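Student: One structure is given below, represented as structure tokens, and several questions about it will come after.
Bear in mind these aren't lab numbers, they're just calculated from the coordinates by the rules spelled out. As the structure is a computational prediction, the values presented were derived from the model and not from experiment. Heads up, the Cβs are rebuilt from the backbone with ideal geometry, glycines too, and the neighbour counts pull from every protein chain shown.
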Amino acid sequence: MRLGTEFIAAILVGAGMGYLLDLWLKTGPWLMLVMLLVGFAAGVLNVVRSAAEMNRAAPPPTAAMRVPDDEEDE
Amino acid sequence: MADPNKVDPIHQFQITDIVSFGEGGVSFTNSALFMVLSVGVIALYLLLSTQKRSLVPNRVQLISEMLYEFVAKMVSDSAGKAGMKFFPFVFSLFMFVLVANMFGMIPFFFTFTSHIIITFALALLVFVVVIVYGIYKNGLKFFKLFVPSGVPGYVLPIVVPIEVVSFLSRPISLSVRLFANILAGHITLKVFAGFIVTLGGLGFLGWLGALLPLVMTVAITALEFLVAALQAYVFAVLTSMYINDAIHPSH
């Protein structure tokens, strides 16, 4: 539920921004398409970030027991 | 519901005027009434329960202290010492959403968190506070939030719009999450409860069949209490995480 809303909200914001920019600059559907893709990327980014947040809050037990902290951030 | 064959699960969300001032003007609705009630209950409870300030707290005072410590730990964990400046803000939001959701679980009470305009207003408040405080505290450095460190210059034209859209999507995901959980839960509850009445109209066998949705309704009611508390918690946690971004704008 949480990951789903993060993803969809970003796509909606991206597409909405593109649509408004199109209305303003009168540039056909192009900006909306571009911003839709940007929104998709932002949605994936949101999902990855909140999943990382969840993992930090409650680390997976086996990985945490074997190797405490040997990869990525901090 | 007078007619057992007509179950209307949306009816509970209807906004009605209690007192209206002038034609089409401002009016005091049932939604506003329950907002006032929630604030009143929170203020009364916290004031009365902490009045004695006994060193060994009684049960009522203990609950207030636990709520305080719970939110204080949440804020300092995600936003650090500097974030405790925002403790009153996060605590108010948490209590408001929590009491609103819990009020919604009482029959015949209106659940104002099931209206997106209210959750969106709350989320927008968080959003504006984060932007204004971030710019006030960090000046132009606040916009470093959109430029992750360690990214080579030639991919910045792609990364910055993605970060901006990701930032702008926060109030929407924050408000939609709370609103959708509460709305869906209440509709599910109403639909299953409606099955009991409809099946009951079929005579003895119908009553036997109605046992199933009855069990479901009891179970979903318990689940809804969980969701009500959990969504208030999630709202407050995300608020303190966004405030953390305003205080320390680099990723």
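Student: Rounded, prolate or oblate: which fits chain B when a ≥ b ≥ c are the square roots of the eigenvalues of the alpha-carbon gyration tensor, with rounded for a/c under 1.5 and prolate only if a/b beats b/c?
Tutor: prolate
Student: From the C-alpha gyration tensor of region A:2-57, pull out the three semi-axes of the equivalent ellipsoid (sqrt of 5λ each), sorted largest to smallest, in whole Å.
Tutor: That gives 28, 8, 6 Å for the three semi-axes.
Student: Something else about it: Can you compute the label reach from B:Val151? Point 7 Å from Cα along the Cβ direction, backbone N cut-off under 17 Å, restricted to region A:26-48.
Tutor: Answer for this model: A:35-48.
Student: In whole angstrom, note down how far apart the Cα centers of region B:182-251 and region B:135-172 are.
Tutor: Taking the Cα centre of region B:135-172 as reference, the centre of region B:182-251 is 36 Å away.
Student: Tell me, what HN-Hα J-couplings in whole Hz come from the Karplus equation 6.51 cos²θ - 1.76 cosθ + 1.60 at θ = phi - 60° for each residue of region B:193-200, using x for Gly and Pro?
Tutor: 5, x, 4, 4, 5, 5, 5, x
Student: What would the Debye formula give as log10 I(q)/I(0) at q = 0.07, 0.08, 0.15, 0.16 Å⁻¹ for the alpha-carbon point model of the protein assembly as shown, no solvent?
Tutor: -0.39, -0.50, -1.34, -1.41
Student: Same structure, new question: Taking chain B as the reference, fit the longest principal axis to its C-alpha atoms, fit the long axis of helix B:87-104 to the helix C-alpha atoms, and give the angle between the two in degrees, 0 to 90, nearest 10.
Tutor: For helix B:87-104, the angle is close to 10 degrees.
Student: Moving on to the next point. Per-residue ellipticity at 222 nm for chain B, helices alone: DSSP H runs ≥ 4 residues times -39500 (n - 2.57), over residue total, nearest 500 deg cm²/dmol?
Tutor: Calculated mean residue ellipticity at 222 nm is -24500 deg cm²/dmol.
Student: Report, by chain and number, residues whose modeled amide H sits under 5 Å from the one on B:Ser27, excluding near sequence neighbours (fewer than 5 apart, same chain).
Tutor: B:Phe21
Student: Could you tell me how many degrees, from 0 to 90 and to the nearest 10, lie between the Cα long axis of helix B:30-49 and the main elongation axis, the longest principal axis, of the Cα atoms of chain B?
Tutor: 70 degrees
Student: Among the listed pairs B:Lys73/B:Lys141; B:Lys52/B:Lys85; A:Lys26/B:Lys137, give every one whose C-alpha distance is greater than 31 Å.
Tutor: A:Lys26/B:Lys137
Student: Can you pull the mean other chain C-beta count within 10 Å for peptide A:4-16?
Tutor: Average per residue, whole number: 6.
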